[in-house]
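The values are calculated or read from the model by the stated rules, or taken from the named source; none is laboratory data. Values in this document were obtained by computation on a predicted structure and should not be read as measured data. Heads up, the Cβs are rebuilt from the backbone with ideal geometry, glycines too, and the neighbour counts pull from every protein chain shown.
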Amino acid sequence: MADAPAVFAEPGGRWRTVAYGPVLCLVVLISDLVIGAGVHVFGLALFAVLLAALVAVQVAAARTHASVEVAGDTLRCGRESVPLAEVAQVLPPADPAAEDLEPWEAARALGDLSGVPRRRTPVGLRMADGTLVRAWARDGDGLRAALGAAVDDVEGSGS
């Protein structure tokens with residue numbers, strides 16, 4: 001089911017972000033022309049290219065390492081894919097007022113990063129072998145709902 005439509009997807013980074021720096025440089029160029037100040041075409045063009053190149057590297061990395069997708073029978077967090085058949089349970093969210101952490105909050109995060117990426121919400125999963133892991137997404141509630149439905153579908157079709 002490699003071509004199955006995504007039930008949940010977050011790209012990690014958006015390519016339109018690459019255009020922000022050059023657009024800002026264009027605004028500065030236009031304001032220089034309107035004000036009558038010295039126009040620095042070469043400097044602004046160079047700066048626009050450098051900004052675009054640096055941001056393009058960041059977006060490419062984010063799309064590789066911080067993207068999330070639930071499609072077909074697979075959950076992908078970053079570069080790690082997990083078959084949904086291996087997910088036994090999607091755990092409920094942790095209580096933010098609780099003094100003690102839930103056991104899954106200290107579990108290994110999926111993906112090839114050392115932990116849950118910044119500005120992402122972890123979602124606890126109990127795997128079929130009993131281990132706990134953390135999936136993650138910006139929209140943690142959306143991922144939890146999509147995973148719950150997808151795991152139920154996989155269990156229903158597997159029986």
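Tabulated data for the structure shown
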quantity	calculated
So V70, is it more than 16 Å from the chain's Cα centre (by Cα), outside the structural domain of T121 (by TED's automatic domain parsing) and of a type in the set (A, V, I, L, M)	no
Subset of the stretch 77-116 (residues that are at negative phi and small (G, A, S))	S81, A85, A88, A94, A97, A98, A106, A107, A109, S114, G115
Index of the failed condition, P96 passing every other in (1) assigned to a strand (DSSP E or B); (2) over 18 Å from V7 (Cβ atoms)	(1)
First in the stretch 103-114 and assigned by TED's automatic domain parsing to the domain that holds L91, second anywhere and at pLDDT 90 or above and among the β-branched types (V, I, T), Cβ under 7 Å, 6 or more apart	A107/V133; R108/V133; A109/V116; L110/V82; L110/V133
V90, sole failed condition from (1) under 19 Å from V154 (Cα atoms); (2) outside the structural domain of M127 (by TED's automatic domain parsing)	(2)
Residue list for the stretch 114-144, filter: of a type in the set (S, T, N, Q) and more than 13 Å from the chain's Cα centre (by Cα)	S114, T131
Residue list for the stretch 4-23, restricted to those being free of Cβ contacts under 8 Å to residues at least 12 places away in the same chain and not basic (K, R)	V23
Residue list for the stretch 2-38, filter: on the phi > 0 side of the Ramachandran plot and surrounded by 12 or more Cβ atoms within 10 Å (Cβ to Cβ)	G12
The stretch 33-48, subset part of a helix (DSSP H, G or I) and out of contact with any helix residue (DSSP H, G or I) (no Cβ under 8 Å at 6 or more places or on another chain), residue nearest to D141 (Cα to Cα)	L46
Set G148, G111: member being under 19 Å from the mean Cα position of the chain (by Cα), among the small types (G, A, S) and part of a loop (DSSP other than H, G, I, E, B)	G111
Subset of the stretch 75-89 [surrounded by fewer than 17 Cβ atoms within 10 Å (Cβ to Cβ) and free of Cβ contacts under 8 Å to residues at least 12 places away in the same chain]	S81, P83
Members of the stretch 118-159 that are crowded, with 21+ Cβ neighbours inside 10 Å, in contact with a Phe, Trp or Tyr (Cβ under 7 Å, 6 or more places away or on another chain) and not β-branched (V, I, T)	R120, P122, R134, L143, A146
Options V28, V39, V18, V7: the member that is more than 21 Å from L113 (Cβ to Cβ), at pLDDT 95 or above and either out of contact with any Phe, Trp or Tyr (no Cβ under 6 Å at 6 or more places or on another chain) or in the same structural domain as D153 (by TED's automatic domain parsing) (or both)	V18
Selection within the stretch 69-90 - assigned to a loop (DSSP other than H, G, I, E, B) and touching a Pro at 6+ places or on another chain (Cβ under 7 Å)	D73
